[in-house]
Amino acid sequence: MSELLLIDDDIELCELLVSWLAQEGFAARACHDGQSARAALAEDQPAAVVLDVMLPDGSGLELLKQLRSEYPDLPVLMLSGRGEPLDRILGLELGADDYLAKPCDPRELTARLRAVLRRSQPASAPSQLELGDLCYSPARGVANVGDHEVTLTLSEGRILEALLSQPGEPLDKQALAQLALGRKLTLYDRSLDMHVSNLRRKLGPHPDGRQRIVALRSRGYLYAS
């Protein structure tokens with residue numbers, strides 16, 4: 001079973017989710033504040049984290065920043081009961097792999113977790129992808145752009161892999177979301193756009209100033225070779 005770490009101050013919700021996830025084949029443990037979560041992560045890294053935006057001893061977004069710095073390959077799914085679009089945008093900008101509003105359907109949470117975990121499996125990933133001055137190692141989650149090295153999140157890496165598989169050719173947003181996020185986009189879902197924006201910022205432009213990743217209206221994205 002894949003072990004998960006739930007970080008949420010809602011004890012009743014955590015108990016419900018731990019029980020539900022056990023029926024779905026996941027072992028899960030819960031922490032109810034940032035301090036105990038940091039201790040649990042230092043002791044044993046889980047397969048994935050479900051993290052609430054609001055914690056009693058600080059912001060879940062601040063903890064997300066720390067997780068991305070210390071555990072760049074760790075899949076993180078954010079939860080928020082505030083329903084604010086800004087929370088979703090900030091969470092995705094800071095590197096969350098996916099985001100759900102509370103209250104959430106446990107079945108949808110399970111489906112999202114399975115998608116995130118499938119994407120984290122490196123078995124079929126190529127050892128290295130190269131194009132121009134860009135070299136990406138999926139196994140390490142690291143891209144070298146010239147002499148500059150950047151660490152990519154799981155979602156950013158899968159997007160880059162998909163775009164590099166057909167440089168110069170557009171990839172439909174829904175197809176890219178299925179490949180990179182493991183699911184289809186829903187109405188008003190900008191999660192793919194936020195991941196692409198983060199990826200663009202990390203990679204920077206081509207040496208001649210052109211954008212590496214180009215958005216094509218009604219056609220999706222392409223990597224400009």
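The values are calculated or read from the model by the stated rules, or taken from the named source; none is laboratory data. Predicted model, so just to flag it, every value in this text is computed and none were measured. In this analysis, Cβ positions are derived from the backbone assuming ideal geometry, glycine residues included, and neighbour counts consider all displayed protein chains.
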Candidate set: the stretch 131-148, residues that are in a strand (DSSP E or B) and without any contact (Cβ under 8 Å) to a residue 60 or more places away in the chain; chosen: the one surrounded by the fewest Cβ atoms within 10 Å (Cβ to Cβ): His148
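Would you mind stating whether Pro103 is at pLDDT below 85 and either hydroxyl-bearing (Ser, Thr, Tyr) or within 17 Å of Leu16 (Cα to Cα) (or both)?
Numbers: at pLDDT below 85: yes; either hydroxyl-bearing (Ser, Thr, Tyr) or within 17 Å of Leu16 (Cα to Cα) (or both): yes.
Against the criterion (at pLDDT below 85 and either hydroxyl-bearing (Ser, Thr, Tyr) or within 17 Å of Leu16 (Cα to Cα) (or both)), Pro103 qualifies.
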Of all residues in the stretch 77-117 being more than 15 Å from Ser191 (Cα to Cα) and of a type in the set (Lys, Arg), the one that is nearest to the chain's Cα centre (by Cα): Arg114
Qualifying residue in the stretch 165-179 (condition: of a type outside the set (Gly, Ala, Ser), out of contact with any Gly (no Cβ under 9 Å at 6 or more places or on another chain) and crowded, with 18+ Cβ neighbours inside 10 Å): no
Which numbered condition Ala175 fails, given (1) modelled with pLDDT of 90 or more; (2) over 22 Å from Glu93 (Cβ atoms): (1)
Unique match (being touching a strand residue (DSSP E or B) at 6+ places or on another chain (Cβ under 6 Å) and in contact (Cβ under 8 Å) with a residue 12 or more places away in the chain) among Gly58, Gly34, Gly25: Gly34
